[in-house]
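The values are calculated or read from the model by the stated rules, or taken from the named source; none is laboratory data. What you see is a predicted model, and the numbers here were worked out from it, not measured in a lab. Quick reminder, even Gly has a Cβ in these numbers, built from the backbone with ideal geometry, and neighbours come from all protein chains shown.
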Amino acid sequence: MRLVLLGPPGAGKGTQASNIIKEYDVVHISTGDIFRKNIKEQTDLGKKVKDYLDKGLLVPDELTVDLVWDRLDQEDCKNGFLLDGFPRTLAQADALQKGLEKRNINLDKVINIEVDKNVLVKRLAGRRVCTNCGATYHVDFKPTKVEGVCDECKDHSVIQRDDDKEETVLNRIEVYENQTAPLIGYYKDLDLLYNVDGTLSVNEVFEKIKSCLNNM
Ligand code: ADP
Ligand code: ADP
Ligand code: ZN
């Protein structure tokens with residue numbers, strides 16, 4: 001299966017991605033995770049993109065598209081992939097479609113997780129992430145068992161992302177509305193879109209996604 005997860009920041013893409021990869025044979029590709037890893041390791045790519053992430057702005061399309069295709073062309077993606085946080089602009093979506101055509105493959109579904117802005121702000125403000133293994137928590141909705149300690153890897157690395165501070169959050173939501181929301185219409189026209197109500201519980205959202213994927 002070849003899937004895209006669409007939705008505003010805080011909609012629950014990462015949370016659902018970790019559910020989906022446990023149940024289906026797809027490789028999880030999060031452009032945000034790749035960028036953050038490179039920033040942490042201070043690679044050339046990391047140095048190039050840090051300013052954009054700090055400000056909540058999108059990394060330029062060309063750089064992002066090249067990075068994604070390098071990843072998708074690796075052997076482990078041959079059976080299927082789950083793109084999380086890509087594409088985020090119409091230019092990225094076009095580049096993805098062109099690349100898929102060239103390789104004679106296609107997307108099976110674009111899952112669009114819908115959540116209102118006021119809920120997003122609460123979700124992002126309370127989000128905590130493990131910088132060691134990437135697990136995601138929420139101070140109210142999904143707290144760690146021990147404060148600051150990851151349930152999964154037991155590392156004392158659970159923190160708030162810099163770009164989840166309030167000022168940057170509002171910026172990111174605006175960037176989403178201007179640049180990414182048009183992709184909903186784009187994929188609807190391609191007859192690939194599946195909308196799911198992201199304000200339901202994590203399990204309910206996952207049940208809906210499963211029923212979509214199992215009935216394709
Ligand atoms: P995204 O990857 O779309 O930015 P995340 O998966 O990181 O979103 O989720 C954002 C925050 O909201 C996290 O703190 C997560 O634990 C929480 N969250 C995700 N899905 C739900 C849900 N259905 N109900 C309540 N909180 C959720
Ligand atoms: P969220 O889970 O909250 O939606 P991500 O982890 O997906 O956030 O993205 C974090 C940041 O990484 C974005 O604000 C942006 O700066 C950068 N980024 C991630 N994916 C892309 C993309 N496809 N195009 C451009 N920038 C991106
Ligand atoms: Zn962890």
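So which of Asp140, Asp84, Asp108 is over 24 Å from Glu174 (Cα atoms) and either among the polar types (S, T, N, Q) or in contact with a Lys or Arg (Cβ under 7 Å, 6 or more places away or on another chain) (or both)?
On the way: Asp140 fails: either among the polar types (S, T, N, Q) or in contact with a Lys or Arg (Cβ under 7 Å, 6 or more places away or on another chain) (or both); Asp84 fails: over 24 Å from Glu174 (Cα atoms).
Residue meeting the stated conditions: Asp108.
For every residue, the table says whether it meets (1) under 13 Å from Glu114 (Cβ atoms); (2) within 17 Å of the chain's Cα centre (by Cα); (3) more than 16 Å from ligand 3 (Cβ to nearest atom).
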position	(1), (2), (3)
Val169	no, yes, yes
Glu174	no, yes, yes
Ala181	yes, yes, yes
Ile184	yes, yes, yes
Asp189	no, no, yes
Leu200	yes, no, yes
Ile209	yes, yes, yes
Asn214	no, no, yes
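Conditions (1) more than 13 Å from ligand 1 (Cβ to nearest atom); (2) farther than 13 Å from Ala11 by Cα; (3) in contact (Cβ under 8 Å) with a residue 24 or more places away in the chain, marked per residue:
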residue	(1), (2), (3)
Ile113	no, no, yes
Val119	no, no, yes
Val139	no, yes, no
Lys154	yes, yes, no
Ile159	no, yes, yes
Glu174	yes, yes, no
Asn178	yes, yes, no
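Yes/no matrix, rows are residues, columns are (1) within 21 Å of Asp33 (Cα to Cα); (2) touching a helix residue (DSSP H, G or I) at 6+ places or on another chain (Cβ under 8 Å); (3) surrounded by 18 or more Cβ atoms within 10 Å (Cβ to Cβ):
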| site | (1), (2), (3) |
| --- | --- |
| Val146 | no, no, no |
| Asp151 | yes, no, no |
| Ser157 | yes, no, no |
| Thr180 | yes, no, yes |
| Leu193 | no, yes, yes |
| Ser201 | no, no, no |
| Asn214 | no, no, no |
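Which condition does Thr144 not pass, out of (1) under 20 Å from His28 (Cα atoms); (2) part of a loop (DSSP other than H, G, I, E, B); (3) modelled with pLDDT of 95 or more; (4) polar (S, T, N, Q), if it passes all the others?
Unmet condition: (1).
Does Lys109 count as farther than 26 Å from Lys40 by Cβ and surrounded by 14 or more Cβ atoms within 10 Å (Cβ to Cβ)? Spell out how you get there, then give the answer.
Working: farther than 26 Å from Lys40 by Cβ: yes; surrounded by 14 or more Cβ atoms within 10 Å (Cβ to Cβ): yes.
It is true that Lys109 is farther than 26 Å from Lys40 by Cβ and surrounded by 14 or more Cβ atoms within 10 Å (Cβ to Cβ).
Please determine, by comparing only the residues of the range 23-55 that are among the basic types (Lys, Arg) and touching a residue at least 12 places away in the same chain (Cβ under 8 Å), which one is surrounded by the fewest Cβ atoms within 10 Å (Cβ to Cβ). Let's see the steps before the verdict.
Kept after step one, since they are among the basic types (Lys, Arg), are these residues of the range 23-55: 36-37, 40, 47-48, 50, 55.
Within this subset, residues satisfying the condition of being touching a residue at least 12 places away in the same chain (Cβ under 8 Å) are 36, 40, 48, 55.
Numbers: Arg36: 21, Lys40: 10, Lys48: 15, Lys55: 14.
Looking at the filtered set, the residue picked out is Lys40.
It is to be established whether one or more residues within the range 111-120 are over 19 Å from the mean Cα position of the chain (by Cα), within 18 Å of Leu83 (Cα to Cα) and more than 16 Å from ligand 3 (Cβ to nearest atom). Write out each step before concluding.
So the first thing to find is which residues in the range 111-120 are over 19 Å from the mean Cα position of the chain (by Cα), and the list is 118.
Still in the list and also within 18 Å of Leu83 (Cα to Cα): none.
No, the range 111-120 contains no residue that is over 19 Å from the mean Cα position of the chain (by Cα), within 18 Å of Leu83 (Cα to Cα) and more than 16 Å from ligand 3 (Cβ to nearest atom).
Report whether or not Glu174 is modelled with pLDDT under 95 and of a type in the set (D, E, K, R). Even if it seems obvious, please write down each step before you answer.
On the way: modelled with pLDDT under 95: no; of a type in the set (D, E, K, R): yes.
Spelling it out, it is not the case that Glu174 is modelled with pLDDT under 95 and of a type in the set (D, E, K, R).
Taking the conditions exactly as written (among the small types (Gly, Ala, Ser), within 11 Å of ligand 1 (Cβ to nearest atom), surrounded by 14 or more Cβ atoms within 10 Å (Cβ to Cβ) and closer than 20 Å to Lys37 by Cα), does Gly126 satisfy them or not? Let's see the steps before the verdict.
Working: among the small types (Gly, Ala, Ser): yes; within 11 Å of ligand 1 (Cβ to nearest atom): yes; surrounded by 14 or more Cβ atoms within 10 Å (Cβ to Cβ): yes; closer than 20 Å to Lys37 by Cα: no.
Answer is no for this residue.
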